[in-house]
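Comments concern the structure below.
The values are calculated or read from the model by the stated rules, or taken from the named source; none is laboratory data. Treat the numbers as computed from the prediction; the structure is a model and nothing was measured. Don't worry about glycine lacking a Cβ; one is built from the backbone with ideal geometry, like all the others, and counts go over all protein chains shown. With ligands, DNA and RNA removed, areas are computed over all heavy atoms of the protein, side chains included. Shrake-Rupley method; radii C 1.70, N 1.55, O 1.52, S 1.80 Å.
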Amino acid sequence: MKAKKVLITLLALGTALSFTACNGGTTEKETAKTESAKTESSKTETTNTETTEADKTETVKADTENTETENTGSDTAQITYEETDTDPSDNTSDSELDNLYQQENQLFADHKDAWDKAFGLMSKSSADSSGNYADFLSDTVESNKDSFTDEQYQTLTDDIETIRKIEEQIAELEKKNAETDTSETKTASDDSSPFNNFSGKDFDGNSVDESLFSKNAVTVVNFWFTGCKPCVAELSKLNELNDAIKSMGGEVVGINTETFDGNEDAIKEAASILESQGAKYRNLSIDSDSDAGKYASNIMAFPTTILVDRNGNIVGDPMLGGIDNQDNYDALMKQIQSVIDADSTEK
């Protein structure tokens, strides 16, 4: 079997999200781009939904194979699942895909200011995961042409044409991969869920394990960090959501990525912010080297919210961006209801 990487997409629950970086879930393609790890500076420079340039490439793709993520300084959202028995031919394909993804990332990094502005103007509702990503970028730039200087506009236009050619090569490689190994198109098995053998502690020091999920028809897991303004802005709404789904067999749980490994100072600061926002739902500290910790560490878009079923499996696509937007809240509630309905059917 191939070793694969599954990347969080920005097409979260089919909801129209417009945001910039603080960033996502498998899609039908199940290919993941290898991107760079997030840095602390990326947290302080971001606004609204705080998603940086490399994250935007994730709106239309998922599913690369077994390659190491390189730290190029740009943020991406990715999750890695390793499998054994890799085929040498797979490694060649992986290397080619990784090289193409890195070429795109380098363009975003080289012209960071222009692309940051473009990403801040994006409307995720218009993204087509089956289309060429360059078309999506071009539509964004052309519809907001007056927002750019002549130099920025020319830079973005030139980059988009380069990206278009890269995307064509990526699509061809992905097509070959799908034809030669159909098993890679299947959803990750239960054994690969990052929430199997889950463990952690709430902010009061109480231990929590995978029964957290088995006791709920659906668990809404929200990933955030203290310096993320959009994360903090939605805390009160998440508390409202938690109250709303309790009677339905659901629960909201927060995981603050700065509180890993029982970081007492970070826990104290996060708890203070939660209290100030009236958020009383459970928040957890987990080990950074656990499966769930690695999953969370690779998320580069914040806030990110996922749904987990009774068996600890992630259901549907992650939602990136705050649910303090009523449309996003309603869309998430609809997805929650579908998980609860499915849980009732299976009983």
(message) Return the pair list, or none, for Cβ contacts closer than 6 Å from residues in region 206-230 that are closer than 14 Å to residue 299 by Cβ and of a type in the set (S, T, N, Q) to residues that are modelled with pLDDT of 95 or more and in a helix (DSSP H, G or I), at least 6 apart or on different chains.
(response) 222/238
(message) So, in region 290-315, how many residues would count as being surrounded by fewer than 20 Cβ atoms within 10 Å (Cβ to Cβ) and touching a strand residue (DSSP E or B) at 6+ places or on another chain (Cβ under 6 Å)?
(response) 1
(request) Looking only at region 331-339, decide whether some residue is in a helix (DSSP H, G or I), surrounded by fewer than 16 Cβ atoms within 10 Å (Cβ to Cβ), at pLDDT 90 or above and of a type in the set (Lys, Arg). (result) yes
(message) I'm trying to understand the selection: among the residues of region 225-251, which are in contact with an Asp or Glu (Cβ under 9 Å, 6 or more places away or on another chain) and outside any helix (DSSP H, G or I)?
(response) 225, 226, 227, 228, 234, 249
(request) Quick one: in region 259-289, of everything that is in a loop (DSSP other than H, G, I, E, B), among the hydroxyl-bearing types (Ser, Thr, Tyr) and farther than 23 Å from residue 331 by Cα, which residue is most open to solvent (accessible area, probe 1.4 Å)? (result) 288
(message) Looking only at region 177-204, filter to residues that are more than 22 Å from the chain's Cα centre (by Cα) and modelled with pLDDT under 80; which one of those is surrounded by the most Cβ atoms within 10 Å (Cβ to Cβ)?
(response) 177
